[in-house]
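Student: Shown below is the structure under consideration.
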Amino acid sequence: MNKPRDSQRSKVYTAELNVRSEIDNIGRNKFEKSFLSIEKTKKYLQKILNSSWMKKYFPHVYCINIQLKDVRGNRRWARGGTYNIDLPLWARREIVILHELAHTILLREQRHYGQCASHHKEWAGIFMMLLKRWNREVFELMKISYYLNRVKWIKNYNKLYKLIKDLR
């Protein structure tokens, strides 16, 4: 089965880049957590994965051990996979960690690859759900940026939860 076209990819990246730039201009420490060491990044990720919130909404991801890879040789991209998240140094900031975690959640919840495009409205809904729970200020900025960049996302979390449940 062919993977659907990722038609929102450029819109998502533009929206996220706009928010990251705005945060950097204002002062990153005021808006989001940043981590220099992979150990501190892992600790933050495990806090999210072991939370009761994760257990409630994403039981297939709750308390799993995701391998967090330090990919310093790769300066261009971060990647969220089914069992691991690859983060170069630039990507060890909350917004990118949650972006990649949204990919991991969706891949683990749907249980196989290729069912949907990487940045479709369900993925965007999961990402926004993570932002809303773990960083409300960035969620509000991203909501505006998504609107301005015409990114589609599922705003009704009950509907999103049902769609994800149907993927299982």
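The values are calculated or read from the model by the stated rules, or taken from the named source; none is laboratory data. Everything numeric in this text was worked out from a predicted model, so none of it was measured. Cβ: placed from backbone, ideal geometry, glycine included. Neighbour counts: every protein chain shown.
Student: Would you confirm whether any residue within region 86-97 is modelled with pLDDT of 70 or more and touching a Ser or Thr at 6+ places or on another chain (Cβ under 6 Å)?
Tutor: Yes, the conditions are met somewhere in region 86-97.
Student: Would you be able to tell me the number of residues in region 1-36 that are in a loop (DSSP other than H, G, I, E, B), touching a helix residue (DSSP H, G or I) at 6+ places or on another chain (Cβ under 9 Å) and hydroxyl-bearing (Ser, Thr, Tyr)?
Tutor: The number of residues fulfilling the criteria is 0.
Student: Scan region 137-152 for residues that are aliphatic (A, V, I, L, M) and buried (at least 16 other Cβ atoms within 10 Å of the Cβ) and jot them down.
Tutor: 138, 141, 142, 151
Student: Can you work out which of the residues in region 1-24 that are surrounded by fewer than 14 Cβ atoms within 10 Å (Cβ to Cβ) and closer than 16 Å to residue 90 by Cα is modelled with the lowest pLDDT?
Tutor: Once the filter is applied, the top-ranked residue is 24.
Student: Right, another one. Answer yes or no as to whether residue 144 is assigned to a helix (DSSP H, G or I), farther than 21 Å from residue 87 by Cβ, modelled with pLDDT of 90 or more and among the β-branched types (Val, Ile, Thr).
Tutor: Judged against the criteria, residue 144 is a match.
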